[in-house]
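Trainee: One structure, as structure tokens, below. Some questions next.
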């Protein structure tokens with residue numbers, strides 16, 4: 001099994017800790033006064049103080065335009081459901097509120113888009129059948 005690593009900028013480490021640690025439930029790893037590592041659902045992200053990458057709503061998701069580039073993760077559907085409810089209960093401002101795409105088709109998935117406190121866009125997908133992740 002491979003673990004993906006992604007490093008990107010945030011503007012405030014305390015806000016990042018509240019968001020990634022407290023809200024998303026990611027376990028904090030190493031840190032300094034300028035960066036924090038997180039276990040982002042089994043993958044490593046490194047959040048460094050700096051200017052976040054520029055994004056534009058140019059990605060087509062059905063009838064919607066979503067921010068590009070964005071990062072994300074695919075979760076088993078039951079874990080996605082728990083996280084979606086926690087985010088909704090916390091009044092997260094969704095770019096794209098939780099919904100299901102391709103219902104009854106290969107690759108059926110639930111998805112949601114939101115931004116971290118620094119504006120970095122995140123997509124979380126949920127699959128009832130993880131074998132369907134690459135289905136066409």
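Trainee: Going highest first, how would you order 5-16, 118-129 by mean Cβ packing within 10 Å?
Mentor: Details: 5-16: 14.7, 118-129: 18.3.
Averaged packing, sorted descending, gives the order 118-129, 5-16.
Trainee: Here is a follow-up. With an 8 Å cut-off on Cα pairs and a minimum separation of 6 or more residues, tell me the relative contact order of the chain in percent. Provide the component values of the computation, followed by the final result.
Mentor: Values: 247 pairs, mean separation 29.5, N = 136.
Computed over the chain, the figure is 22 percent.
Trainee: In whole Å, what are the extents of the chain along the principal axes defined by its C-alpha atoms, from largest to smallest?
Mentor: Each principal axis gives a Cα extent; for the chain these are 48, 32, 29 Å.
Trainee: So what are the stretch 5-49's ellipsoid semi-axes, whole angstrom, largest first, if each one is the square root of 5 times an eigenvalue of the alpha-carbon gyration tensor?
Mentor: Semi-axes, largest first: 14, 12, 8 Å.
Trainee: Of all DSSP beta bridges located in the chain, what percent are antiparallel, nearest 5?
Mentor: Details: 25 of 37 bridges.
The antiparallel proportion sits near 70 percent.
Trainee: Given contacts defined as C-alpha pairs under 8 Å and at least six residues apart, what's the relative contact order of the stretch 56-132, whole-number percent?
Mentor: Details: 130 pairs, mean separation 25.8, N = 77.
Once divided by the residue count of the stretch 56-132, the mean separation gives 34 percent.
Trainee: Using only alpha carbon pairs under 8 Å that are at least six residues apart, calculate the relative contact order of the stretch 96-136 and give it in whole percent.
Mentor: Details: 61 pairs, mean separation 14.3, N = 41.
RCO, the stretch 96-136: 35 percent.
Laboratory data are not the source of any read-out in this text; all were calculated from the coordinates shown. Computed from a prediction, not measured in an experiment: that's the story for all the values here. For neighbour counting, all protein chains shown are included, and Cβ atoms are generated from backbone atoms with ideal geometry for every residue, glycine included.
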